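> Quick one: this structure, given as structure tokens, is what I'll be asking you about.
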């Protein structure tokens, strides 16, 4: 008979899971008692219940046995989980130095692409030696894992800084971009293109003694060459990618990456320009748009104009961003020598204390907004004081087919995040052009509603105290990319928060609003978003429902939580991402326009419904069937009648 684990083993398992933020402290306490009482193996229990996957279980076991992962290294903690592996903070015992240890379970390498991509990353990074590139130390296979040992960068990634402080002054922005360009120029000399330049892959550290940086700017180190490829690869050495997918992050990705044409160093220059736009304005170029809307705009028009006057920028800065982000690569700045020379010719620019606070003098980060275009919504930066509690809802879409208003991931300060492979499903142009309008007529005679600029994230990645579980279990979890998401099975409800106006006086929940919910089915057979819920009357609480399965999303009605569906409009979904390690998110959006509701999936309109005559509850509900699902990009934005 197999000996059951002792209670102390159960306690240790869930303590490690809690410390790694794989489950919340509340859930850890409950599960410790349940599993200890049942005598079950904790790893088998969480796998059977869908609370963790095999990689998460391996993370816990690794943290329980820190010296047994790779000979010569002792794990000290979890840094993050990426699309292909897990990154730990570790110590190289022979040299007594801190390192970042990235591992992948061989058992998870069911796709040849995964093995090849990881080995390619190790070889690429290993041959690059530049002050502005993270250094690789070691690579190998051991104990059922492939591992890569890299320099541990004790600093903050640029994305976390933007989320906390908003826009960055011109001088510091171009110092950051110049350093990144210098590192990428070195990579280009070895025919290496990064392919995923963005703020979260640019790490900020204190400049070493004797560094020639002027003005006290931080040193930049580029991380995650996991998406890079050798540009002069022979025909027998195919691109390492997934059929029908392209690699990169849509907000920063060059148009040629989207359409699948030849990609060279000019794609990285485009991404650097999009990053500069984000730094100078505090928002991404396509903030507030769905994946379809982003891809459609990138493939049919130039990037939104950066209004120098609006943000107090020099005309030269705005012109340089424009020249770095021309849609046609042949018209774009074409090499790093030219880019570096253009940066060096910029006039002396104003600077605040580098990376100590909001960007330009007199400009508060919490009031910074970006007018992307006359027909596009204005998305404000998150208030600096709230940034630690709620990640700013940024329009970052697609992680393995992700379609969602995804909050940017907050990295732990002092550590660098796990590399993230973003596999973006290419969408047919006919599908893209069906993207929803941000202002839709609320009926034939109703007013046109637009975003007011006020909004709030509904989940901060950690706490679920604002959520009320009706059935099942709900908790904070990590998705396959290490992003903090809401996970659960059963039913949970969430009250809409009050949104503070300009004078910071608290308000009631918005009467008209846009609600965004991104979901990944995981093992669930269906998920539902319930909205327009009216108070219970004689045991009934009518509401509208967006119900999603693996194949379609249906707009429907229900008389209460479990009453039969009354279908209205079904819409087919694209096939699931074939890579089981990649998240497969889709975005549900509902908008209340006075007397009408509008519903969308992945920016495609599903239809309109009348607002109930009975006053609605200021809440929505999520329901899963068949197993747990993941929910991300939970965000509400106020809608107001257009002037």
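The values are calculated or read from the model by the stated rules, or taken from the named source; none is laboratory data. This is a predicted model, so every value here is computed, not measured. Here Cβ is always computed from backbone atoms with ideal geometry, including for glycine, and neighbour counts include all displayed protein chains.
> Which is part of a loop (DSSP other than H, G, I, E, B) and modelled with pLDDT of 70 or more, of 462, 454?
462
> With the condition being at pLDDT 90 or above and in the same structural domain as residue 614 (by TED's automatic domain parsing), I'd like the strands (runs of 3 or more DSSP E) fully within the range 531-583 carrying at least 3 qualifying residues.
543-548, 552-558
> Determine, yes or no, whether residue 250 is assigned by TED's automatic domain parsing to the domain that holds residue 330, at pLDDT below 85, surrounded by 21 or more Cβ atoms within 10 Å (Cβ to Cβ) and assigned to a loop (DSSP other than H, G, I, E, B).
Answer is yes for this residue.
> Of all residues in the range 506-525, count the ones that are crowded, with 16+ Cβ neighbours inside 10 Å and farther than 14 Å from residue 619 by Cβ.
9
> Okay, next question. Answer with yes or no whether residue 55 is modelled with pLDDT of 90 or more and within 26 Å of the chain's Cα centre (by Cα).
Considered against the rule, which asks whether it is modelled with pLDDT of 90 or more and within 26 Å of the chain's Cα centre (by Cα), residue 55 comes out as no.
> Tell me, which residue of the range 321-342 that is surrounded by fewer than 21 Cβ atoms within 10 Å (Cβ to Cβ) and part of a helix (DSSP H, G or I) is nearest to the chain's Cα centre (by Cα)?
The qualifying residue nearest to the chain's Cα centre (by Cα) is 322.
> Follow-up. What do you reckon, is residue 266 within 30 Å of residue 191 (Cβ to Cβ) and in the same structural domain as residue 194 (by TED's automatic domain parsing)?
When the stated conditions are applied, residue 266 passes them.
> Right, something else. Quick check on residue 615: is it modelled with pLDDT of 90 or more and assigned by TED's automatic domain parsing to the domain that holds residue 495? It would help to see each step written out before you state the result.
On the way: modelled with pLDDT of 90 or more: no; assigned by TED's automatic domain parsing to the domain that holds residue 495: yes.
So residue 615 fails the test.
> Can you give me the number of residues within the range 126-145 that are without any contact (Cβ under 8 Å) to a residue 60 or more places away in the chain, at negative phi and either buried (at least 22 other Cβ atoms within 10 Å of the Cβ) or in a loop (DSSP other than H, G, I, E, B) (or both)?
So the count comes out to 4.
> Now for a separate question. Does residue 607 qualify as being touching a strand residue (DSSP E or B) at 6+ places or on another chain (Cβ under 7 Å), at positive phi and not in a strand (DSSP E or B)?
In short, no.
> Working only within the range 610-638, note down all residues that are in contact (Cβ under 8 Å) with a residue 60 or more places away in the chain, surrounded by fewer than 18 Cβ atoms within 10 Å (Cβ to Cβ) and part of a strand (DSSP E or B).
Passing the criteria: 619, 625.
> State which residue is surrounded by the fewest Cβ atoms within 10 Å (Cβ to Cβ) when the search covers only the range 191-213 and only residues that are in contact (Cβ under 8 Å) with a residue 12 or more places away in the chain and out of contact with any helix residue (DSSP H, G or I) (no Cβ under 8 Å at 6 or more places or on another chain).
Applying the filter and picking the extreme gives 206.
> Please work out if residue 116 is in contact with a strand residue (DSSP E or B) (Cβ under 7 Å, 6 or more places away or on another chain) and either in a helix (DSSP H, G or I) or modelled with pLDDT under 90 (or both).
On the way: in contact with a strand residue (DSSP E or B) (Cβ under 7 Å, 6 or more places away or on another chain): no; either in a helix (DSSP H, G or I) or modelled with pLDDT under 90 (or both): yes.
No.
> Looking at (1) closer than 27 Å to residue 151 by Cα; (2) in contact with a strand residue (DSSP E or B) (Cβ under 8 Å, 6 or more places away or on another chain), which is the one condition that is false for residue 65?
It fails just one condition, (2).
> Would you confirm, using the coordinates I've provided, whether residue 27 is assigned to a helix (DSSP H, G or I), modelled with pLDDT under 85 and over 27 Å from residue 92 (Cβ atoms)?
Details: assigned to a helix (DSSP H, G or I): yes; modelled with pLDDT under 85: yes; over 27 Å from residue 92 (Cβ atoms): yes.
It is true that residue 27 is assigned to a helix (DSSP H, G or I), modelled with pLDDT under 85 and over 27 Å from residue 92 (Cβ atoms).
> Out of the residues in the range 150-184 that are buried (at least 22 other Cβ atoms within 10 Å of the Cβ) and part of a strand (DSSP E or B), which is farthest from the chain's Cα centre (by Cα)?
This residue is 150.
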